[in-house]
1. Compute the long axis of helix 142-151 from its Cα atoms, compare it with the longest principal axis of the Cα atoms of the chain, and write down the angle in degrees, 0 to 90, nearest 10.
2. Please provide three numbers in whole Å: the alpha-carbon extents of the stretch 118-178 along the principal axes, with the largest listed first.
3. For the chain, find the longest principal axis of its Cα atoms and tell me its angle to the long axis of helix 100-124, 0 to 90°, nearest 10.
4. In deg cm²/dmol and to the nearest 500, what is the mean residue ellipticity at 222 nm of the chain if only DSSP H runs of at least 4 residues count, each as -39500 (n - 2.57), divided by the residue total?
5. Can you give me the angle between helix 20-31 and the longest principal axis of the chain, using Cα atoms only, in degrees from 0 to 90, rounded to the nearest 10?
6. Please report the spacing between the Cα centers of the stretch 87-125 and the stretch 26-55 in Å, no decimals.
7. Compute log10 of I(q)/I(0) for the stretch 100-153 with the Debye formula, placing one identical point scatterer on every Cα and leaving out solvent, at q = 0.28 Å⁻¹, to two decimals.
8. Expressed as cubic angstrom per residue, what is the convex hull volume of the alpha carbon set of the stretch 9-176?
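Nothing in this text is a laboratory measurement; each read-out follows from the coordinates by a stated rule. Keep in mind the model is a prediction, meaning the values are calculated, not measured. Note that each Cβ is placed from the backbone with ideal geometry, even for glycine, and that neighbours are counted across all protein chains shown.
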């Protein structure tokens with residue numbers, strides 16, 4: 001006890017938070033002395049509504065920053081469509097394979113939040129929209145949730161762990177309604 005059920009940054013940066021088949025593929029290639037140069041493209045096969053808002057790239061770039069590879073990406077906040085590559089990573093397979101799980105997790109979760117926020121903001125038109133989403137997410141990802149909603153276009157967020165510069169908004173605790 002005493003620790004939260006989360007993976008720490010160090011294990012993610014080491015590629016230890018991955019699907020087992022990547023580890024097994026690396027072992028097979030290592031045993032045979034192979035480490036081919038590959039290109040990995042990240043796309044979404046289906047995007048509800050036909051478009052999404054790219055988010056999570058800041059975390060992906062932080063993950064990849066010290067690795068021997070080349071990465072090409074759309075800017076954070078870009079509109080993307082099904083099958084449109086949002087990220088291309090080139091390098092030796094055994095240097096990048098183990099990171100695919102984290103890359104997809106960063107991009108899928110954050111882009112989903114940003115896209116939902118953008119759709120809500122579009123329907124709201126001129127009305128203000130605020131994110132209170134972090135109360136329904138694991139607290140370890142509160143910063144990502146609020147940042148993604150902000151990139152999607154909300155006018156403010158409720159969680160005090162939001163990145164600096166994002167306006168905080170809220171009402172009052174339910175306990176005060178008495």
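1. Once rounded, the angle reads 80 degrees.
2. Cα extents, longest axis first: 34, 28, 20 Å.
3. 30 degrees
4. Using -39500 (n - 2.57) per qualifying helix, the result is -11000 deg cm²/dmol.
5. For 20-31 against the chain, the angle is about 20 degrees.
6. Distance between centres, Cα-based: 12 Å.
7. Ignoring solvent entirely, the Cα scatterers give -1.09.
8. Values: hull volume 22.5 nm³, N = 168.
In the stretch 9-176, the Cα convex hull volume per residue is 134 Å³.
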